[in-house]
Every structure is written in structure tokens, then in C-alpha cells.
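The values are calculated or read from the model by the stated rules, or taken from the named source; none is laboratory data. What you see is a predicted model, and the numbers here were worked out from it, not measured in a lab. We place every Cβ from the backbone using ideal geometry, glycine too, and count neighbours over all the protein chains shown. The accessibility values were calculated without ligands, DNA or RNA, using every heavy atom of the protein model including side chains. Shrake-Rupley method; radii C 1.70, N 1.55, O 1.52, S 1.80 Å.
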Amino acid sequence: MTSRRAFLHQMLHWAIGMPAALGLGIIRTPPAEAMPASNTFILAQLQYRGGQWDPRPRATIPLMQEVRLRTSVETRDERQVLTLRDPALFAYPFLYMTGERSFEPFSDEELEILRRYLLFGGLLLIDDARGNKGRDFDASVRQEIARLFPDRALKILQPEHTVFRTFYLIRTIGGVRVVNPYLEGMQVEDRTPLIYCQNGLGAAWERDYLGHWVAACAPGGEAQRLEAFKLGVNCVLYALTVNYKQDLIHLPFIRKKLG
Amino acid sequence: MIYLPLYPFVWHTASGTFRSSLTWEMTLSFTLTLAIALGFVLLLLLQWRDLRQRVARPVRWGLCLLRAVAYLLVLGMLLNPALLIQKVLQILPPLVVMVDTSGSMALSEPGKPSRLQQIRDYLRGGAHPTLPALEQHYQVKLYQFDDTARALPAERLADVQVGGRSTDVLGSLTAVLEEHRATPPVGVLLFSDGAHHGSDTGLGHLRQAGVRVVTVGVGTPATYRDIRIAAVQAPTLAFVHYPTEVNVTLQAWGYRGEYIPVMLKRAGRVVATKTVPVTANVFEQQVQFEIEPEEVGEFTYTVSVAPHLGEALTENNHMDFPLSVARDKIRVLLVCGSPTWNYRFLRQGLKQDPSIDLISFVILRTPTDVVNVPESQLSLIPFPTQRLFTQELKNFDLIIFENFSYQLYFPWYYLENVRKYVQEGGAFAMIGGMLAFGQGGYAGTPIEEILPVSLRSDRNDYRPGTQRMVLTEEGKSHPITRLSPDASENQRIWDMLPELDALNVVGPAKPGATVLGISSGRADDRSAAPLLAMQRFGEGRTLALMSDYVWKWNFQMAGRLDSNQYYLQFVRQMVRWLIRDPVLKQVRIMADASEFPVGSEVTGTLQVLQDDYRPAETATLSTKLRTPKGTEVPMQYVPTGTAGEYRYRFRADEEGIYELDVQAQVGGKTHEANRLLLRVQRPGDENQHAAPNHALLRDIAERTGGTFFALDDPARPSVASVSEFFGGIPSYKVLEETRLRLRETLPLFLVVLGVLALEWWWRRRAGLL
């Protein structure tokens, strides 16, 4: 599939070449450039045992398209599905995990791999597709996080956290529903390698094959959906830039925009 | 036996000194002797009573007295008296005299001889020299001292010279007292100016020695004049553009009311001056300077005060100190065309290094990206290209373009500024990606000129493909790619690092460049493409890393339960080499010590490395040695037998800081070592601090029960007073002994007989017989 940039470049060539071609009576064929995939961002989704690891198979495609459309990051639409034991896991430093039901606990070996993944630079975005607090997927997630980092706790991310300003300046948390008006995260030194949202981001992102939104966002409607996309874009950029937006040079601008 | 000496029965003859004493060698027991004595008393009483009625009182007294004498004599004979006559050697009590012969004793006040000469005159000169007078009563033990004490034959007192480099009054006194522990002297007579440079810890223990010390002060504190730079406290390391404090201790004697300018100089040029008002006759004050070095290097600073009229010493008017100025944090500018994993882990590697100050700009949105919210809802900031690439360039130590194409953001002539920045000593690195090298539009620009590789003109140089980086021969020992000092371990590490998934195919390496790593794959059916290359450009250095998948050396290595430290080490070493970290210089000078005494031989080692950091087999060295006075002198060096290593030596006859520069010609290129500053100083403080310190001498006297007087005091005590103060009685050594038992001698017997006969005669006269 041709990337959006390649398409635009081609359009540009045609726009420049066409009048000349008409003037000279020659139709110039645009060059057959094949832009290879470079260091393209590929979202990896975690497959686990039990529960339902993939309630919304097409949810990440619109997110990748959104990232590609709005930012300078090249993305691939298709996700990469991996388990924690997959040897290729560390080729994908961004991991997306979603579900609706409770799932089978990770083995000790899987926990160790995941811990290593997060401590050495990976990021895990957990998206509760059902939103039942204290039950189902949420209960399993909290249990596994407690096993993952016994000496740390999930904490609410404050409004000034970097993830809320890596690209968009986010003041509200979107999703298909508003279970929590906040994100939770696990802090390791100066990073937050684990982010947890219970608002059903995937459901807000998902389109069907005809391009229609699959689920309605309530109560905020499309504005709430936009916030879900903004949060998704920010999470991707947070994984790629970490605390870049905490550099001193950014702070005056951000403070001014936030008022 | 009871011994009863009869002092002062000592007499001197031509044949020697004799002493007599009386002893009682009792042969009867004490009880029996007492009984006999009581019996004699009883008899005497009976006689007294008997004579009371018969004779007149005077006669009675006379007769009883004679009887009593007789009884006493008999009793005495019963006690067996003996007269002991000894030929003895009279031993006078020892008296220690200590004379300070340190360097400060050569000083003199106007119109007076030197301090040492004043002592000589007191001890040996004049109508009533002190030393002979003392020798009549004492066994005088003469010592000279400076930093140690040693015996001085009396006949050498006139010839002894000053020479001690420092003075340890307390240490010398303690040592002498310890030497005489078995036979303590009656006292110590100590002559000194009190200019003590040793420790004060012995002061508290002097009393325990139990010996009185009379201290005699020479020199006149009230008229002593001197200005001294006593101490300079400065860090040995400072940072460019960072204020550094230098604290100077200024001392002055005899300049009360005057203003003293204190100067701080560097290479003879005055950097700062402070004027200090002197408010007391004995004055000390801290003077603070703040300097802000402007360039990196090794420098010699001097704190000095101009010599003033009447100063006793001028050698202590200045003090040199070395200052090494380094850059503080390494300032790195990282410009990234698009956030990728390569950026993410490179940023982590740079941020984790506490010596790096990172400024990074990442293009989060390009002009072709579609905005769906107002700008006020985006956290984006302007990219200050004009300021960065015109004004601020020189403030960075290293500029990295990581997957960044300049074309959408600033005009190409900013690249000329980057070229000039590197030419003048800056560092530049380009890291690959879709927006780097040829695809970034850098062909034919000043950036291509500074890169160690040429670029393809077709702008189509990005090639996906799996490959490893294989070290070249140069890469195996280069500081950037040497991840282990052990060659085989280094190779093992590089073989272990994950493969890279893309490569920027560039042209060949430039003639002066060094390729450290090549691709294991084959691009465009050509020979192995360079993956990592570097070169020196002008005064600066540049590096090209032709892949944007190096991040896998970090995260994927971590995933293999191995270490990501090799990646971090690689980043660290890459930065250090680019900014010409002094640790990585190819010529190094090392000294065998940090300080050397004046007149000693200064030695050390020179090390010369090739461009690949292996020891240079052949090199042409040139050395420049500058003395503290600024003259250049030759310096010898010889190869040690180890490749690239030389030993140097030179004699340091001047006090101060020597500057040593070394250049080496290796493979047609000239390399310089960091200048080495060597401190040479005169051990001891005599030429630094010579103020008379009579307070210390008084303190010593008080603690030991002695007394103090100044030598030039008109009311100073006489020798007789001093002797009387010390006291002391001679002791005697017995050479021969003669014992005379008196009861075995005729005279005593005759005396007893005579007394009895006298009594008999008186009794007859009195008509009692």
C-alpha cells in the first residue's frame, strides 16, 4: 500500500508535469518510485491465554492511520500480534493489550519477560474494553500488575504528566465510555512504561470495513472519540519520545497554551 | 649498717677530689643496744642522786658530764663506727643548651648582627661569656636544631652556619628530652626566634618531661616587617565559563595602616586585583578572587604582592598554582527528523550520561501533516533554526543530525555554518534513516564536505535489508568501537549484537577518513558498504553511522537477557571521541609524581598512539619545556623499548611551575598532548615564614615551669640568676674507698681512757675516792 506521502509526491509531480506535457504534446509518466518501509512504527498487540485478547480486531488500524496523518511518524496499518514468549517481542517496543474478561495469569517466566521489556525501554498500553471496575478484565489486570511490580502501585497520572502533552495538549480522557476521567500508570524512574485506561479506547477507534464507526461514544459523542484518538496518538509519541516534552525549552510554550 | 654522710666534707687536692663520711656498723642488735643505753642512763641517774648530798652542784655537774661522755663514747664504740674516705669524681649536673640554626636565624634587624650571631655573642663573646660560666656549674650539652636536633661540639659554635629549611622547635625539644630520659638535665636553655613550622602537638606533653625550659628569644617581633602570601586555596579543576573561587591568605607584619594590593595573574597578565587595608601590626586576612576561565587547557596562575620597603623576605610575596580548565557538561544538539525507535534509544543513551547536557529537537509534524485541532491544543513549539544555526552553534560541543533532512526547515547556507563550526573545532555526526545522507538532500552541500563518506547523487540510498556491522582492522582497536580492552572479547561482543534492518548506501570513504565498521551484506552488488566511518575535518571531527536500526543493540540485547550496556558504551565512546575528550588524546604525558623538590630530577613517561589508538611504532617527538622563569630548556627522552613509550627527565633547579608540551608526528599528522604542569617547590618554610614568635617561646617556658627572656632585653637575667634558677647539685662517682674502724683505733680508746681518768682525778680532788 502506498504511503500517504508517496501519494502526495506523485500528485505533486503530476501537477507540475501536466501543463508542460500538454504544452509539449508529451504525456510524462510519473516515476515509479517504490518507497520502501523504513523505520516504520508498528503497533504490537499482546495475545494472552484465557479471556478475550482481541475483542476489536480492527481497532488499531484507524489509530495508526491517525498517527500517520497528523504526525511525522510513519506507521503501518497492520498490527503485529505477539505473545510474551515470542522471540520477536523486543523488536516492537510498543505493546497494546486489551480485553473484556478476566484472563489466565501470566507465568513467572512471562512476568519476568514483561518486566524486562518495560524496564529496558518498552511501553505497554492496557485498554479495558469492558470497563467493569474491580471485575473481569480490570481485576485480572490489577492482579497481574501487582505481581509484575510488587513494590510499586498503579497511580493516577497527574494532568501535567508528559503523556498528556507529547503531541496534543490533553485535558480530558476520551474513550467509548467514561469509566475513569483519568489514566493510571506505573512509574519507573523518570518514565511511565505502563499506562492503563478503562474507557475503551479501542472501541472508540474502531471502524468497520465501510469506514463507519462501530460504537457510539457516550456521553460525549464525537468529541469524546476525538479525545480517544488524541490520547492514542499521544501514547505512541510518548513511547517514541519519552520525556522530550519535559525539556526546559518546551515548558514556557506549553504553560502559555495551557493558560 | 647505717650510713651517715658528712656533707660538705669534700675537699680537692692535686691528686683528686675526696669525700668523707661516717658509718655505724652495728654489731649488737638494736634492742640490746637500747638496753645498754638505758642502763647507762640509769647509772647516770644513780650517780647524780648519789653525788647530790656529797658534792657541790658544779662538781656534781662536771662529774656527771664526764661520766655521760664516757658512756656515750662506750656506746659509740659498741656501735662500731667507721670512717669512710672516698676518692670521687665530681659529676656536674647536665644542662642542655639548644641553639636554633634554621634559615630564619640568618635574618637581622637594622643595625644588628644576624639572629644566630647574637646568640653566639651571648654564649661566647663579651667580657662575661655565658657558656664558660655555665660550664663551671653544669655539664653543658650543646645542640643545634632546625627541623631536627643534633649535638653540636662546643668548639664548633663559632663556625656553625644556618641552613635548616624549616624549624620544628617543639619536635626538636621533645627529641632532646627523650634522649635524656635516663639522666634528665636540670633544665634546657633554648635560643630561638620562635619561627616554628612544625606541629604543635608536642606542646601539651612538655610538662610531663619534668624539665624546666628557659627560652631565650631573638629577633624583635615589634620591628619585624614582612608581607606573605601564606596559602592559596583553589580547586585543581575548573570549568569553562563557570566562576571559580580562589581564596588567598595574606599575612603582614609591621605594615599597619597601609594598603596592600594583591594581584592574581595568569601568564604574567593581571586577571584581578584586590587592595587590602592592613589593620593590625600582626595581620592576617582571607582575600577572595573569582575567575571565570574562558578556554579549556592547563594554566598557571600566580598570586603576588609587590615587594615593600623594609621587608625581611620577598620570596614569600608570591605563590603559583596550577589550574586545569575543562569543559563542564558536554553540550549536545540532537536534531531528529521524525521520532523513531532509533531516536528514542539514542536520546536515552545521551540523557543517561550525567556529563552530557542534551538539547534535542524532534520534528513531530511536517508541513504535509494534516492538523485537526487549533494550534493552541498542540504542544508543538517552533524550531528555532535561525538562532541555533547562526548564533548558538559555537555553544555546542557536538551536533547530531539523526534521520533529519534540512530542506523543509532552513536554507542550505546554514549548513555552511555547520561546516565552519566543525572546521574550527566542533564535532558533527549524521545518523541514518529515510531522511539522512543522500535522501536527506545533503549531496553537494557543505555537510557532504565534512562527512567522512561521499554521498550518492541519486537520493535513493536507503536500503532495507538484514545485515550485521563487521569491524574493520581499524575498528577493532578504535576507542569508539572498542567495547572491551581484550581483543577477542571485543570481537565476541560485536558478533553478538543484533542485526540491523536497513542501511544508507553511501559512496566510498574519503581519503582521510577511517571506516570502523562495514555491512556484512552486499548493497547493489558492490563491495561491503561502510556502516560507521569517521574523520578529522579541520580542527574538528565528524562521524557517519549509516543505519537507523542501531537501537536494536540496546532493546533487543536486553530482550536476549543480555546487557544493553554495550550500546550505551558505544554511544558514550562515540561522543567522547567526537568531542576530543582529553582521555582519548593520542599523545599523553605522565609524571612520576605530582610535585618535585627543587634541585631534583623530574621524570615521567610519554605515550604516543597511532590514529587507530595502537601504540605508534615510529613517531617523531618534539618537546617544549618552559621553566618557571619562562625560559625554554631542552629535555631528554629515550624510548623504553615498548612501542610508543618514552621516558623523559630533566633537572628542576627553579622553584615554581614547569610547563611541558609534547607534539608527535605520527603517519604524517601532528598530534599534541595536553600540557602538563609540574610543580617544583623548595621544601621547608624558612624562606616563607620568618617572623619571630616569642609568644610560642613564652608558652613553652610556662608549660615547663621555666621562664622566658628576650636576648636584647636590657633587663635580662644574669648568668648567675640563670644558674640559680636551674639549681642542681653535683653528683659523685666513687673511684677509691678507704674504711677506718674507729673502735679499732688508738685515738678513740685514748679518748675514752682520758675521760675516765679525768673523772677519777676530779673525784679524788673532791674527796670522793
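A few comments on the model shown:
- Residue check, B:Val505 more than 19 Å from B:Tyr567 (Cα to Cα), modelled with pLDDT under 95 and in contact with a Lys or Arg (Cβ under 9 Å, 6 or more places away or on another chain): yes
- Of the candidates A:Asp138, A:Asp151, A:Asp86, the single residue that is assigned to a loop (DSSP other than H, G, I, E, B) and away from every other protein chain (no Cβ under 14 Å) is A:Asp151.
- Filtered residues of the stretch B:459-499 (kept if within 14 Å of chain A (Cβ to nearest Cβ), under 17 Å from B:Met557 (Cβ atoms) and in contact with a helix residue (DSSP H, G or I) (Cβ under 7 Å, 6 or more places away or on another chain)): B:Leu497, B:Pro498
- Every test in (1) under 21 Å from B:Lys552 (Cα atoms); (2) more than 14 Å from chain A (Cβ to nearest Cβ) is passed by B:Val505 save one, and that test is (2).
- Residue satisfying condition, being farther than 30 Å from B:Arg741 by Cα and in contact with a strand residue (DSSP E or B) (Cβ under 9 Å, 6 or more places away or on another chain), within set B:Leu79, B:Leu84, B:Leu92: B:Leu92
- Residue in the stretch B:351-368 that is of a type in the set (Gly, Ala, Ser) and modelled with pLDDT under 90 present: yes
- If you go through the stretch B:393-452 and keep only what is under 24 Å from B:Arg580 (Cβ atoms), in a helix (DSSP H, G or I) and open to solvent by 30 Å² or more (accessible area, probe 1.4 Å), you end up with B:Lys394, B:Asn395, B:Glu416, B:Asn417, B:Arg419, B:Lys420, B:Gln423, B:Glu448, B:Glu449.
- The set of residues from the stretch B:555-581 being within 14 Å of chain A (Cβ to nearest Cβ) and within 22 Å of B:Asp357 (Cα to Cα) comprises B:Asn564, B:Gln565, B:Tyr566, B:Tyr567, B:Leu568, B:Val571.
- Whether a residue is touching a Ser or Thr at 6+ places or on another chain (Cβ under 8 Å) and at pLDDT 95 or above was assessed, and A:Leu226 does not pass this test.
- Only one of the numbered conditions (1) closer than 18 Å to B:Phe570 by Cβ; (2) open to solvent by less than 40 Å² (accessible area, probe 1.4 Å) is violated by B:Asp486, and that is (2).
- From B:Gly219, B:Gly210, B:Gly194, residue being modelled with pLDDT of 85 or more, over 24 Å from B:Ser166 (Cβ atoms) and of a type in the set (Gly, Ala, Ser): B:Gly210
- Any hit, the stretch B:391-411, residues being more than 24 Å from B:Ala443 (Cβ to Cβ), of a type in the set (A, V, I, L, M, F, W, C) and at the interface with another protein chain (Cβ under 8 Å from one of its Cβ atoms): no
- Out of B:Val587, B:Val571, B:Val602, one residue alone is closer than 21 Å to B:Val666 by Cα and either open to solvent by less than 30 Å² (accessible area, probe 1.4 Å) or without any contact (Cβ under 8 Å) to a residue 12 or more places away in the chain (or both). It is B:Val587.
- Positions within the stretch B:191-239 being open to solvent by 20 Å² or more (accessible area, probe 1.4 Å), over 24 Å from B:Ala690 (Cα atoms) and either hydroxyl-bearing (Ser, Thr, Tyr) or in a loop (DSSP other than H, G, I, E, B) (or both), in sequence order: B:Gly210, B:Ala234, B:Pro235, B:Thr236
- A:Asp108 being more than 17 Å from the chain's Cα centre (by Cα) and within 14 Å of chain B (Cβ to nearest Cβ): no
- Leading residue by the ranking (nearest to A:Ile126 (Cα to Cα)) among those in the stretch A:224-241 that are open to solvent by 10 Å² or more (accessible area, probe 1.4 Å) and within 11 Å of chain B (Cβ to nearest Cβ): A:Phe229
- Here A:Thr71 meets the list (1) under 25 Å from A:Leu237 (Cα atoms); (2) away from every other protein chain (no Cβ under 14 Å) almost entirely, failing just condition (2).
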